[in-house]
1. When you go through (1) at pLDDT 65 or above; (2) more than 16 Å from the ligand (Cβ to nearest atom) one by one for Lys97, which number turns out not to apply?
2. One residue is enough: does segment 307-326 have a residue meeting the conditions small (Gly, Ala, Ser), more than 15 Å from the ligand (Cβ to nearest atom), assigned to a loop (DSSP other than H, G, I, E, B) and touching a residue at least 24 places away in the same chain (Cβ under 8 Å)?
3. Out of Thr262, Thr277, report the one residue that is in a helix (DSSP H, G or I), of a type in the set (Ser, Thr, Tyr), in contact with a helix residue (DSSP H, G or I) (Cβ under 7 Å, 6 or more places away or on another chain) and more than 16 Å from the ligand (Cβ to nearest atom).
4. Please go through (1) part of a loop (DSSP other than H, G, I, E, B); (2) loosely packed, with under 15 Cβ neighbours inside 10 Å; (3) not small (Gly, Ala, Ser) for Lys300 and return the number of the only condition it doesn't satisfy.
5. So, Ala378, is that one surrounded by fewer than 20 Cβ atoms within 10 Å (Cβ to Cβ), within 14 Å of the ligand (Cβ to nearest atom), assigned to a helix (DSSP H, G or I) and not basic (Lys, Arg) or not?
6. Can you tell me which of (1) away from the ligand (no atom under 14 Å from the Cβ); (2) modelled with pLDDT of 65 or more; (3) of a type in the set (Phe, Trp, Tyr) is the one Trp156 doesn't meet?
Amino acid sequence: RGTPKYSGMVEDCCCDYETVDHLNEEVLNPSLQELVKTPFFRYFKVKLWCDCPFWPDDGMCRLRDCSVCECPESEFPESFKKPHRFSMNDLVCQEGKPQAAVDRTLDSKVFRGWSETDNPWTIDDETDNDEMTYVNLQLNPERYTGYTGPSARRIWDAVYSENCPKYPSQGLCQEKKILYKLISGLHSSISIHIAADYLLDEATNLWGQNLTLIYDRVLKYPDRVSNLYFTFLFVLRAVTKAADYLEQAEYDTGNHNEDLKTHSLIKQLLYDPKLQTACPIPFDEANLWKGQSGPELKQKIQQQFRNISALMDCIGCEKCRLWGKLQVLGLGTALKILFSVDGQENSLQLQRNEVIALMNLLNRLSESVKFVHEVGPAADSVMEGH
Ligand code: FAD
């Protein structure tokens with residue numbers, strides 16, 4: 001490995017590159033890799049066939065690898081099919097009951113069952129049951145699919161030009177800059193996954209790493225690498241902020257041993273002492289949306305993010321759409337945790353699918369950061385030697 005190219009603080013964050021790489025490799029990546037394989041986190045509920053609200057679909061995917069294999073009814077957990085165990089109304093009733101008074105800890109519990117509350121940042125909601133299916137994410141890895149050309153390009157163009165134009169050096173306010181950086185960081189991560197698992201030779205079906213591609217699309221541009229680290233820390237902050245809620249949540253899939261393991265992995269990840277000492281607040285959201293125009297600005301950016309979420313239905317490649325929808329829902333969940341909780345204790349409510357998206361997104365970003373750290377110097381020196 002060469003000398004680290006990125007050093008100092010990650011822009012707009014509270015941790016430096018070295019600490020992030022170290023924490024990721026020691027703590028976060030190993031736990032996340034395990035977590036996303038558990039039955040709770042590997043099934044994602046998604047509506048794959050929606051009309052694109054902006055232009056007719058041109059289904060521009062070339063390879064068989066574009067398609068998603070959906071789970072048969074019998075595969076995903078029984079508990080996912082059942083309606084939520086109790087509603088907020090039940091809880092209101094419970095409060096007056098003598099049993100509720102006995103266990104005082106009930107009052108301090110932040111988790112009150114998976115919610116059905118809409119996420120104001122996205123258009124995708126788990127409760128929208130029409131034509132939704134479950135997908136085993138482990139069987140549908142995010143990688144090269146052959147989806148390129150004008151169809152893919154116009155989605156990214158629409159995402160950037162209509163919703164978060166690149167900030168002219170100091171021109172934009174902090175909040176708009178953050179939206180841009182989140183999208184750019186996600187874009188870097190998608191490109192890195194394409195490069196990490198690429199079809200090198202179609203004739204022999206040889207898959208492997210494409211270092212030229214990662215260099216040309218990401219490493220050549222320091223801001224794209226910086227935005228990837230930023231997005232990783234932003235999502236990590238959301239996860240740690242929601243720690244109490246996530247710790248108390250039910251990871252029930254009917255498989256007792258697996259569910260215990262899921263819960264213990266979650267705890268291990270959220271309360272790791274190394275994470276708590278080295279990078280306790282990965283991103284500081286406290287100073288955003290301040291001033292008179294704060295609420296109006298928040299509504300505007302929320303609408304822009306919802307547009308980005310709607311654009312995911314226009315992706316003409318099923319597997320890219322799956323991961324696009326999942327990761328945008330994951331970002332929307334992070335935004336909801338950081339910015340849409342009214343400050344009162346216990347007011348956070350998350351849908352099961354939001355938490356699945358959030359943790360899978362964090363894992364994808366963690367993989368990308370690891371890949372850049374491990375392969376980046378080699379790719380840089382190969383390409384710079386040319
Ligand atoms: P693109 O990646 O399409 O980039 C377009 C333009 O955006 C670039 O020319 C550049 O100006 C700008 N840009 C690029 N990266 C950044 C960045 N990090 N920050 C800021 N600006 C940037 N293809 C797959 O093979 N597998 C997938 O799983 C997959 N998932 C996708 C998910 C989504 C949501 C979308 C929209 C596309 C997906 N694609 C996927 C397609 C893939 O992202 C590329 O669009 C495609 O490979 C063509 O790449 P390109 O070289 O034209 O540049």
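The values are calculated or read from the model by the stated rules, or taken from the named source; none is laboratory data. These figures come from a predicted structure and were not determined experimentally. Here the Cβ is made from the backbone with ideal geometry for all residues, glycine too, and neighbour counts use every protein chain on show.
1. That leaves (1) as the condition not met.
2. Applying the first criterion (small (Gly, Ala, Ser)) to segment 307-326 yields 309-310, 316, 324.
With the extra rule that they be more than 15 Å from the ligand (Cβ to nearest atom), the set shrinks to none.
No, that holds for no residue.
3. Numbers: Thr277 fails: in contact with a helix residue (DSSP H, G or I) (Cβ under 7 Å, 6 or more places away or on another chain).
Residue meeting the stated conditions: Thr262.
4. For Lys300, the exception is condition (1).
5. Numbers: surrounded by fewer than 20 Cβ atoms within 10 Å (Cβ to Cβ): yes; within 14 Å of the ligand (Cβ to nearest atom): no; assigned to a helix (DSSP H, G or I): yes; not basic (Lys, Arg): yes.
So Ala378 does not fit the description; no.
6. Exception for Trp156: condition (1).
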